[in-house]
Amino acid sequence: MKNKKDEVFAYRISERLKAIRQERGLSLDKTAALTGVSKAMLGQIERCESSPTIAKLWKIATGLQVSFSSFLTAESCHSIEEGEGSIYDPNMHVKTLFSYDKSKQFEAFDITLTALHQQQSTAHQKGVSEHIHVLEGRLGIFTKGQWHIIEAGQQWVFDADQPHRYEDKVGKTRFLTIIHYPNASKNEN
């Protein structure tokens, strides 16, 4: 059963997805082709019949070349209220720290993975990089065909314009990620 916060969240994602499609004149078929998310699922999201998983929402954002945070918070908001800008899956929690701002070309998140969870991420736009700082636990990142292990207190930067994967290596890992979009397109929101 959905609570009020879940309903508001589903509505925010629904309205944002509809607005992007309308601005660009995209059909559900074309949006499905761009994102790799089925037309049926996109329709359910727009009608607030279904809330996407974190992985699906990231696929939608990447396919439409918009920031992930644009689905979670108001554009360029300078203050995010407690509980706002967060999305939860059973083994992953993403909290928006700084929503995307065109003038700054980045967004930042506090991400927690639990239960040795692996999270696959599709390639971001060309030139995008991710800056990771592990707060607790041990994070594995798979990119360019190999695993990189980042311990608590360490940081690492990688090119995120290719598929990559995150993995909790110890049961609970928390990290900060800054996603930098140096070549933000005119479509970026």
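Structural remarks
- Applying a threshold of 8 Å to beta carbon distances and a minimum spacing of six or more residues, or different chains, the list of pairs starting in the range 135-146 at a residue that is touching a residue at least 12 places away in the same chain (Cβ under 8 Å) and assigned to a loop (DSSP other than H, G, I, E, B) and ending at one that is polar (S, T, N, Q) and surrounded by fewer than 16 Cβ atoms within 10 Å (Cβ to Cβ) reads 144/162.
Listed here are the residues, each with its yes/no results for (1) of a type in the set (A, V, I, L, M); (2) over 24 Å from residue 61 (Cα atoms).
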position: 118; (1), (2): no, no
position: 121; (1), (2): no, no
position: 128; (1), (2): yes, no
position: 132; (1), (2): yes, no
position: 136; (1), (2): no, yes
position: 141; (1), (2): yes, no
position: 144; (1), (2): no, no
position: 156; (1), (2): no, no
position: 160; (1), (2): yes, no
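- So residue 160, is it in contact with a strand residue (DSSP E or B) (Cβ under 9 Å, 6 or more places away or on another chain) and surrounded by 19 or more Cβ atoms within 10 Å (Cβ to Cβ): yes
- Within the range 109-120, residues that are among the charged types (D, E, K, R) have Cβ atoms under 9 Å from residues that are modelled with pLDDT of 95 or more in these pairs: 110/135; 110/174; 110/175; 110/176; 110/177, counting only partners at least 6 apart in sequence or on another chain.
- Test: residue in the range 165-177 that is among the β-branched types (Val, Ile, Thr) and in a strand (DSSP E or B): yes
The values are calculated or read from the model by the stated rules, or taken from the named source; none is laboratory data. Just so we're clear, the structure is a prediction, and the values are computed from it rather than from any experiment. So basically every Cβ, Gly included, is an ideal-geometry build from the backbone, and we count neighbours across all protein chains shown.
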